[in-house]
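Below: the structure, in structure tokens.
The values are calculated or read from the model by the stated rules, or taken from the named source; none is laboratory data. Everything quoted here is computed from the prediction, not taken from an experiment. Every residue, glycine as well, gets a Cβ built from its backbone with ideal geometry; the counts of neighbours run over all protein chains shown. Calculation scope for accessible area: heavy atoms of the full protein, side chains included, ligands and nucleic acids excluded. Shrake-Rupley method; radii C 1.70, N 1.55, O 1.52, S 1.80 Å.
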Amino acid sequence: MKKRLTLFYASDIHGSERVFRKFLRAAPHYRADAVVFGGDITGKALVPIVEVGPGRFRGELLGIAHDVDAGAGLDGLESKIRTNGFYPYRTTADEVARMSADPAYLRSVFSRVMAQTAERWVTLADEQLRAAGVPALMMPGNDDEPEVKRLLAQGEWIVDAEGRIVELEGYQVASYGYATTTPWHSPREVTEEAMAEALDALLAGIDPSRPVIFNFHDPPNDSGLDLAHKLTVDLRVQSGAGMPLLSSVGSRSVRAVIERVQPVLSLHGHIHESRASTRIGRTLAVNPGSVYGEGTLQGVLITLEAGKVVGHQFVSG
């Protein structure tokens, strides 16, 4: 076991290229020994960019139309779209109409562009993290398409850690990226019963005499790491006394397995607005939160010695 191990952990990048590049540089910047990513790496939507005249393009980002010229203007718009976690897609007015009329076709285009971007990111991560000599454990989250897991597995340096026990400097890291049911019916959701079964199967492979780290995308229920905006049936944020109402939405099964196994550290994401740490018995559990749309990387540095957490610090950059 490494005498002193400092991890950098982040989650929920959601397609923001600026934030992903910051994640790749985080270990040398913060002097961390290894990086762990907790899921939700890909974006959620395409932003069509249509040529409306010779050398003139139009795209709509966050409800605002942008008319730009080819060259620096177009490059800047595409960069802005990527920073916000979307995928710029150069297309025609006819194809935009087809995507609007045919959800299956839109889905196929999105999946193709998402996969191309994810594959490029895996190559970039391999190159930069290998050059830095930084071990990297990554996994998909609930919002990532199933294809993302296959793409992560292609990495030669980064490790697709999901669904197995990975050795990291004397610590056993158990990772699982699915979440329990959400109102948005994301690609990788399970019931509480299925979550419990999956975690039990995963943890059957741990050595109880050695320290364990959990990397579970879903946070534990009623922990302070899982406070999300309370929604109405039509998915509007509820409020009271002029403030958004919050409710605990984490997994009961995740909490139960933390209480039973008592890992030295439990890493979580999923709930962007719930940046916090807590103790569940002897376990330090953390959620660094996410503000990927601002181009900011939120993470947490955790230092371990002799199988115990001796310090942690939330960071942003």
Among the residues of the range 136-158, how many are crowded, with 21+ Cβ neighbours inside 10 Å and either over 14 Å from Gly38 (Cα atoms) or not acidic (Asp, Glu) (or both)?
-> 11
Consider only pairs whose beta carbons are under 8 Å apart and that are at least six residues apart or on different chains; among these, list those whose first residue lies in the range 62-78 and is outside any strand (DSSP E or B) and whose second residue is open to solvent by 80 Å² or more (accessible area, probe 1.4 Å).
-> Ala70/Arg56
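State all residues of the range 1-35 that are outside any helix (DSSP H, G or I) and under 20 Å from His270 (Cβ atoms); if no residue qualifies, say none.
Scanning the range 1-35 gives Leu7, Phe8, Tyr9, Ala10, Ser11, Asp12, Ile13, His14, Gly15, Ser16, Val35.
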Just one of (1) part of a helix (DSSP H, G or I); (2) buried (at least 16 other Cβ atoms within 10 Å of the Cβ) trips up Gly59, so point out which.
-> (1)
Return yes when Val257 is assigned to a strand (DSSP E or B) and either closer than 23 Å to Tyr30 by Cα or touching a residue at least 60 places away in the same chain (Cβ under 8 Å) (or both) and no when it is not.
-> no
Please tell me if Asp226 is of a type in the set (Asp, Glu) and surrounded by fewer than 16 Cβ atoms within 10 Å (Cβ to Cβ).
-> no
Among the candidates His268, His217, His272, single out the residue that is under 20 Å from the mean Cα position of the chain (by Cα), at negative phi and open to solvent by 20 Å² or more (accessible area, probe 1.4 Å).
-> His272
Out of Arg210, Arg260, Arg255, report the one residue that is touching a Pro at 6+ places or on another chain (Cβ under 8 Å), at pLDDT 95 or above and open to solvent by 30 Å² or more (accessible area, probe 1.4 Å).
-> Arg255
Across the range 302-316, the tally of residues that are in contact with a Gly (Cβ under 8 Å, 6 or more places away or on another chain) and hydrophobic (A, V, I, L, M, F, W, C) stands at 3
Search the range 176-189 for residues being touching a residue at least 60 places away in the same chain (Cβ under 8 Å) and in a strand (DSSP E or B), and hand back the single one that is surrounded by the most Cβ atoms within 10 Å (Cβ to Cβ).
-> Ala179
